[in-house]
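Since the structure comes first, as C-alpha cells, the remarks are kept for the end.
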Amino acid sequence: MNEHFLEDFAVGDTYRSQRIRVDETRMRSFAAEFDPQPFHLDSDAARASIFGGLAASGWHTAAVTMRLLVDCDLKPAGGVVGAGFDEFRWPLPVRPGDELWVEVEVLEVRRSRSRPRQGILKIRMTTRNQNSEPVQIAVGNLVVRTRTAA
C-alpha cells in the first residue's frame, strides 16, 4: 500500500475507483437488515413507489461507495478516516445490476493548527453508474496524517 500524507495532496487532484456490480440478492439482504422499506424489498411495491422499480437503499449505495473509496488510489495515510460530511445526496436510484464507480476530487487541503501531525482533506466523492450518471454525491472531510509536524 502506497500511503499519501497530507503534503502529497493538492486541490484539483482526482482519483477513480474500479467498478462494483450491484447484486439484487445482496441489495435486498442489506435492505432487509438495515432499511426494510417496501421499495427496497418488494418488486411490486417498488413499481408502485416514486422509484418505479426496485431501488437500493441509499445506505447500501453509501456502503458500496466506502468500499470503492478504500480500494482506489486515494490511500490517505492512516486510512480513510471521516470527520464528517458537508453535503450528501442521492440524485438517482441505484438499480439491481448497476455498475458503480467513484470519482474523487480534492477540494481543500488544510493542516490542523491544534494537531500538528494531521490535517483535513476535503473531497467530493461522486458515485456514478455504468452510464456515468451520478447516483450519490458527497462532500466529506477526511483526517489525514502529515509526514512532518508543522
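Rule-based calculations on the coordinates, nothing more; no lab input. Quick caveat, the model's predicted, so the values are computed rather than measured. Please note: Cβ atoms are built from the backbone with ideal geometry, for glycine as well, and neighbour counts cover all protein chains shown.
Based on the Cβ-Cβ distance from R147 to A83, what FRET efficiency comes out when R0 is 30 Å, to the nearest 0.05?
Numbers: r = 19 Å, r/R0 = 0.64.
Once rounded, the FRET efficiency stands at 0.95.
Name the residue from G82, M66, G119 whose Cα lies farthest towards the positive end of the charge dipole of region 62-122, charges +1 on Cβ of Lys and Arg and -1 on Cβ of Asp and Glu.
G119
Measuring from centroid to centroid over Cα atoms, what is the spacing of region 1-47 and region 78-150 in Å?
Using only Cα atoms, the two centres lie 13 Å from each other.
Let me spell out the model: positive unit charges on the Cβ of Lys and Arg, negative unit charges on the Cβ of Asp and Glu, origin at the Cα centre of the chain. What dipole size does that give, in debye rounded to 20?
The dipole of the chain has a size of about 580 debye.
Let's test the formula: R0 of 41 Å, r as the Cβ-Cβ distance of R47 and R113. What FRET efficiency results, to the nearest 0.05?
Working: r = 54 Å, r/R0 = 1.31.
Efficiency, rounded to the nearest 0.05: 0.15.
How far is it, in nm, from the label point at D71 to the one at D35 when both lie 7 Å from their Cα along the line to the Cβ?
Label at D71, label at D35, 2.0 nm between them.
Extension gain R16-E133, at 0.36 nm per residue separation less the Cα-Cα distance, in nm?
40.7 nm
Tell me, what is the FRET efficiency for D23 and R124 to the nearest 0.05, using R0 = 41 angstrom and their Cβ-Cβ distance as r?
My answer for the efficiency is 0.95.
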